[in-house]
Amino acid sequence: KKKNIVTSEMFNKANIFILNNKKIEAKKLLLDVLNRKHNFYSPLALNILLENNLIEDFDQIIMYFDLIIKNVDLEKEKNNLFIFKKAIYLSNFDKEDQILSTLKPLIEKNSELKLRSIKLLKEYYSSKGNKQKEEEYSRMLKNN
């Protein structure tokens, strides 16, 4: 219970720092919250870090996505949502192999995000001008 209160206070203080444009202080607290692997505040901390561009290093961001996905005890579909968010993030950097490996479990396990995952891949390949792959994922959408 005490750990929850401390984590909550850290999270709230970080938000106040953001409102006061004290991004360095906010980043430090949010990273501490994230690394606590709290099932409520850690995912929120990652979202705020991303929304406010407090982390710029690609590898570090992927590491934090993986920390949430693999080490935080989230409900299955909430965890799947972070997997999907990771794939969206990867798509911004043209990381095709990583996008595919990230979305594969969502597609194969019939997640609630299966159709959105297929649609993301279809749109990704469309943006790259890969008509063959775009059609492949269009067919998958029609068959599901």
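Label sites at ASN39 and LYS104, each approximated as a point 7 angstrom past Cα along Cα to Cβ, lie 2.8 nm apart. To make sure I understand the rule: partners must be aspartates and glutamates, Cα under 16 Å from the Cα of LYS1, and not fewer than 8 residues away in the same chain. Which ones qualify? Straight-line reach from LYS1, under 16 Å: GLU9.
Positive-end ranking of TYR89, SER42, SER117 along the dipole of the stretch 32-144, with charges on Cβ about the Cα centre, is headed by SER117. Computed over the chain, the alpha-carbon pair-distance distribution with 5 angstrom bins reads 2, 10, 18, 18, 16, 13, 10, 7, 4, 2, 0, each value a whole percent. Estimated at 0.36 nm per residue, the fully extended path between LEU19 and GLU135 surpasses their Cα-Cα distance by 37.2 nm. The three principal axes of the C-alpha atoms in the stretch 18-103 carry coordinate ranges of 39, 28, 17 Å, sorted with the longest axis first. Going by alpha carbons, how many degrees (0 to 90, nearest 10) lie between the helix axis of 114-127 and the longest principal axis of the chain? The answer is roughly 70 degrees. All other residues whose Cβ lies under 10 angstrom from that of ASN52 are scored, Lys and Arg at +1 and Asp and Glu at -1, for a net of +1.
Taking the average, over residues, of other Cβ atoms within 10 Å as the packing measure, peptides 13-21, 30-38, 62-70 rank 30-38, 62-70, 13-21 from highest down.
Take peptides 51-61, 79-89 and line them up by average Cβ neighbours within 10 Å, highest first, as a rough protection proxy.
Output ranking for 51-61, 79-89: 79-89, 51-61.
The charge dipole of the chain, taken about the Cα centre with unit charges on the Cβ atoms of Lys, Arg (+1) and Asp, Glu (-1), comes to about 400 debye, rounded to the nearest 20. Put +1 on the Cβ of every Lys and Arg and -1 on every Asp and Glu Cβ in the chain; which of MET140, GLN98, ASN20 then has its Cα farthest towards the positive end of the dipole? Toward the positive end, the furthest listed residue is ASN20. Of all lysines in the structure, those lying under 28 Å Cα to Cα from LYS131, and not within fewer than 8 positions of it along the same chain, are LYS85, LYS86, LYS95, LYS104, LYS109, LYS114, LYS119, LYS122, LYS142.
Bear in mind that the values in this text are calculations on the coordinates, not laboratory data. On a predicted model such as this, the values are computed, not experimentally measured, just so you know. So basically every Cβ, Gly included, is an ideal-geometry build from the backbone, and we count neighbours across all protein chains shown.
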